[in-house]
Amino acid sequence: MSKLQRIIFYLFAILFFFVPLVLWPFTSEVFEFNKIVLVYALTTLIVAAWLVRSVLVKKFIFHRTVLDIPILIFIGSQFLSTILSIDPLTSLFGYYSRFNGSLLSTICYSLLYWAFVSNLNRKSALRTLHSVLISAVIVSMYGILEHFGIDKTIWVQDVQNRVFSTLGQPNWLAAFLVALMPIAWSCSISNQFPNSKSKNIKSVFWFLVSIVLFITLLFTKSRSGLLGFITADLIFWSYVLSPFANTPGVNPWVSEDVSLRRDFAPDEAWEKIPRPLGWGASLKYKKQFLLQTIAFNSLFIILGLVVGSPITSHQSPVTSQGPALETGGTESGTIRKIVWKGALQVWLHYPIFGSGVETFAYSYYKYRPVKHNLVSEWDFIYNKAHNEFLNIAANSGTIGLLSYLFLIGASFYLFIKKLELSITNYQFTIIALLSGCAGLLVTNFFGFSVVPTQLLFFLFPAIAVALGQKGEMVKEYKLKLDRIQKTGIAIVCTFTLLLFYLICRYWFADTLYAKGKAFNGVQKPDSALKYLIKAISLEPTQALYHSELAGSYTSYTSAYYGQGDVNKTKEFANLAIAESDKAIALSPANINLKRSRFGIFVMLSTTDPNYLIRARDTLIDIINYAPSDAKLHYNLGLVYARMGQGDLAFQTLQKTIDLKTNYKDARLAYALLLIDNKQNAEAKTQLKYILSNIDSNDSFTKQTLESLK
């Protein structure tokens, strides 16, 4: 390898090692944001080193693979979906707090794939796998410590019940581990061959790694993770016991011809060697493989019974706050079916290119099933369809889904072709990559990809390709460069520094936004203001920053109104509305920004009742995009009541109750309106319904009902 190839290898090793581990508590999103920023930064450096290497050899270094066209087609579908998106900025950068899946992230993963296959060889590919496995061990050890309460006071989630380690959510951690466990199995088996050094120690080590990863998987209590594990397990060990699993004892590629020996044979040489169908290992190694299969899987079953799993252990409802589908209440499968139904409706209404990459949080509410109001997480924001395939179908349409399926099919074709041509020491690594990828797709069927898992999805095929590359003999570059080379390197370095600066600015702006938001949360708008203004000066196209700044100005408006300063009250009210306008203009389909705008007008209405009209109009506009959202109708009913429009208030609250029959606040508000209108009999009916069917211990409802007697 050349010096630049070694640099690229080290950068990939850093990428694999640190992406699963990195988190930072002082950004607006602790986990995914920091991981995607690290991916952006390292992609920039890796591509820069790749381009400089190309400049030095005066040709673009590019290794063609079967995934080139599928990846280009997938990027093309995402690009068209972004252009036609209901919210192009969201499609480009991702939904803020999720980030993975945006057009920009897809381009980065694709560049990483091409950089890997074009610059790394077999030895460096194996080392990068070891890098991510070591990272997974650290992640797992922390997850096990989480189970025993090491950080139970830090998180609002019940992390002891379902660990998430450094990935931020149990299902994400489970998917990550499922993808990597077959790699540990393959390392254990590969070290059984006679030519491996310290074979017993290494085999035991990787066996223990497998156990640590599996115990952590059990502690996540992820049903999708368990299904993914079973899929990966069946594929891997079925191949190990199949007649196609080779060993040194009968490997015809161990030849006297040095060019065809195991560690030197390139793909082209492998293809010239006939491989009889059904050739297999000697009886000795087949027995050894059988014993290993029984040992691994017996231990998995025993651990599942002893430690507990999503199937064998009872999960009590969790009352703490946390992400939807993870906090107990309504069974997660029930919620998923409802969300999937809405995702299908989005797909049907945007059938070709979808509503736009990563716009599910906006498009879903237009077609959100009414049944969603009756689940425990009815007022959570759903920014993903909780099914990777439906999520892509809704966001990118039929074109996006077909291109994604084509990419998956091409990846498995690549694995199988490499498996057919594989040499003994790497066949188990390739089947492990295939098994891990299959397990990952199973978990994604019940969830969605995040930065660490999407990185594996794109780079597992790259590793399979690199395992067939011994590497070229590279001449040392001459220190004396011509003018063209110097110019090319200068251009690459300039753009690299510019991109790196933009990435750092993007990250730093988020830390400022997080501080400003935190100060707003504790009613300190003066402190929040300086951070938010600085954040906007760095990233003026972030709609959330403008919306948060509007909240700070609104707090100032209320403060000056309390002091009787009419001019300042008017000034900051106008500033708040102006910032809200900017936020809506930047992200016009973002319903959550419009909800915040409604809250601003409600607060401003304490200084001027005319703002209630704008609050009403804002809600009416939102309801056009989210007709089944019961909370929006409830708030509109309250606004009508405050404006003295009793008939509209009655109608709207009745509509709210129709949408969500167990909505206590809506029924109580409706009952109070009935009392004001001397309709006590109907009011009693509503109050009794609350006590009988919703909350039998509600003291205010009891007092109100008692007063009517």
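Can you pull out every residue in the stretch 345-356 that is closer than 20 Å to residue 379 by Cα and among the aliphatic types (A, V, I, L, M)? Full working, then the answer.
Within the stretch 345-356, the subset closer than 20 Å to residue 379 by Cα is 345-346.
Scanning the stretch 345-356 gives a single hit, 346.
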What is the one condition in (1) free of Cβ contacts under 8 Å to residues at least 60 places away in the same chain; (2) within 30 Å of residue 557 (Cα to Cα) that residue 684 does not satisfy? (2)
Quick one: in the stretch 339-363, of everything that is buried (at least 23 other Cβ atoms within 10 Å of the Cβ) and of a type in the set (A, V, I, L, M), which residue is nearest to residue 396 (Cα to Cα)? 357
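Suppose we filter 57, 37, 47, 52 for residues that are β-branched (Val, Ile, Thr) and within 30 Å of residue 142 (Cβ to Cβ); which single one remains?
Working: 57 fails: within 30 Å of residue 142 (Cβ to Cβ); 47 fails: within 30 Å of residue 142 (Cβ to Cβ); 52 fails: within 30 Å of residue 142 (Cβ to Cβ).
The match here is 37.
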Name every residue in the stretch 337-361 that is among the aromatic types (Phe, Trp, Tyr) and touching a Gly at 6+ places or on another chain (Cβ under 8 Å), in order of residue number. 347, 350, 353
Within the stretch 79-105, track down each residue that is surrounded by fewer than 23 Cβ atoms within 10 Å (Cβ to Cβ), modelled with pLDDT of 95 or more and polar (S, T, N, Q). 102
Among (1) surrounded by fewer than 20 Cβ atoms within 10 Å (Cβ to Cβ); (2) in contact (Cβ under 8 Å) with a residue 12 or more places away in the chain; (3) among the hydroxyl-bearing types (Ser, Thr, Tyr); (4) closer than 25 Å to residue 371 by Cβ, the one test that residue 704 misses: (4)
Can you list the helices (runs of 4 or more DSSP H) lying wholly within the stretch 570-684 that have 1 or more residues being more than 21 Å from residue 544 (Cβ to Cβ) and over 32 Å from the mean Cα position of the chain (by Cα)? 611-625, 630-642, 646-659, 664-676
Could you look through the stretch 143-185, keep only residues that are surrounded by fewer than 20 Cβ atoms within 10 Å (Cβ to Cβ) and among the aliphatic types (A, V, I, L, M), and pick out the one that is nearest to residue 428 (Cα to Cα)? 144
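Here's a check for you: in the stretch 636-670, which residue that is polar (S, T, N, Q) and buried (at least 24 other Cβ atoms within 10 Å of the Cβ) is nearest to residue 601 (Cα to Cα)?
Filtering the stretch 636-670 for residues polar (S, T, N, Q) gives 645, 651-652, 654, 656, 661-662.
Checking which are buried (at least 24 other Cβ atoms within 10 Å of the Cβ) leaves us with 652, 656.
Details: 652: 20, 656: 22 Å.
This residue is 652.
When the stretch 27-60 is examined, which residues are found to be in a loop (DSSP other than H, G, I, E, B), of a type outside the set (S, T, N, Q) and within 18 Å of the chain's Cα centre (by Cα)? If you could, list the steps in order and put the result at the bottom.
Taking the stretch 27-60 first, the residues in a loop (DSSP other than H, G, I, E, B) are 27-31, 58-60.
Filter again for of a type outside the set (S, T, N, Q), leaving 29-31, 58-60.
If the condition is that a residue be in a loop (DSSP other than H, G, I, E, B), of a type outside the set (S, T, N, Q) and within 18 Å of the chain's Cα centre (by Cα), then 29, 30, 31 are the ones that fit.
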Only one of (1) crowded, with 21+ Cβ neighbours inside 10 Å; (2) touching a residue at least 24 places away in the same chain (Cβ under 8 Å) does not apply to residue 577, and that is (1)
Counting only residues that are surrounded by 18 or more Cβ atoms within 10 Å (Cβ to Cβ), out of contact with any Phe, Trp or Tyr (no Cβ under 8 Å at 6 or more places or on another chain) and free of Cβ contacts under 8 Å to residues at least 40 places away in the same chain, the stretch 16-41 contains a total of 0
Name, by its number, the condition in (1) surrounded by fewer than 20 Cβ atoms within 10 Å (Cβ to Cβ); (2) at pLDDT below 95 that does not hold for residue 674. (1)
Quick check, is residue 399 touching a helix residue (DSSP H, G or I) at 6+ places or on another chain (Cβ under 7 Å), assigned to a helix (DSSP H, G or I) and either crowded, with 24+ Cβ neighbours inside 10 Å or free of Cβ contacts under 8 Å to residues at least 12 places away in the same chain (or both)? no
Filtering the stretch 514-537 down to residues that are in a helix (DSSP H, G or I), over 28 Å from the mean Cα position of the chain (by Cα) and β-branched (Val, Ile, Thr) yields 533
Among (1) touching a residue at least 60 places away in the same chain (Cβ under 8 Å); (2) more than 26 Å from residue 48 (Cβ to Cβ); (3) of a type outside the set (Asp, Glu); (4) in a loop (DSSP other than H, G, I, E, B), residue 444 falls short only on (4)
Scan the stretch 538-555 and give yes if some residue there is out of contact with any Gly (no Cβ under 7 Å at 6 or more places or on another chain), touching a residue at least 60 places away in the same chain (Cβ under 8 Å) and assigned to a helix (DSSP H, G or I), otherwise no. yes
Listed by first then second residue, the pairs whose first member lies in the stretch 499-516 and is closer than 14 Å to residue 533 by Cβ and touching a residue at least 24 places away in the same chain (Cβ under 8 Å), whose partner is in a helix (DSSP H, G or I) and of a type in the set (Phe, Trp, Tyr), with beta carbons under 9 Å and at least 6 positions apart or on separate chains, are 509/545; 512/531; 512/545; 513/531; 513/545; 515/531; 516/531; 516/545
Test of understanding: among 630, 681, 641, which residue is out of contact with any strand residue (DSSP E or B) (no Cβ under 7 Å at 6 or more places or on another chain) and closer than 21 Å to residue 375 by Cβ? 630
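Just give me the residues in the stretch 44-78 being within 23 Å of residue 356 (Cβ to Cβ) and surrounded by 21 or more Cβ atoms within 10 Å (Cβ to Cβ), in sequence order. Write out each step before concluding.
Filtering the stretch 44-78 for residues within 23 Å of residue 356 (Cβ to Cβ) gives 70-78.
Listed by number, the residues that qualify are 70, 71, 74, 77, 78.
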Please identify the pairs in which a residue from the stretch 640-657 that is hydroxyl-bearing (Ser, Thr, Tyr) has its Cβ atom under 7 Å from the Cβ atom of a residue that is surrounded by fewer than 20 Cβ atoms within 10 Å (Cβ to Cβ), counting only partners at least 6 apart or on another chain. 640/648
Any helices (runs of 4 or more DSSP H) falling wholly within the stretch 61-156 and containing at least 1 residues that are over 23 Å from the mean Cα position of the chain (by Cα) and either within 17 Å of residue 12 (Cβ to Cβ) or among the basic types (Lys, Arg) (or both): 103-119, 122-147
How many residues, within the stretch 491-511, are surrounded by 18 or more Cβ atoms within 10 Å (Cβ to Cβ) and more than 19 Å from residue 38 (Cβ to Cβ)? 1
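The values are calculated or read from the model by the stated rules, or taken from the named source; none is laboratory data. Remember, it's a predicted structure, so these values are computed and weren't measured experimentally. Note: ideal-geometry Cβ built from the backbone for every residue, glycine included; neighbour counts use all protein chains shown.
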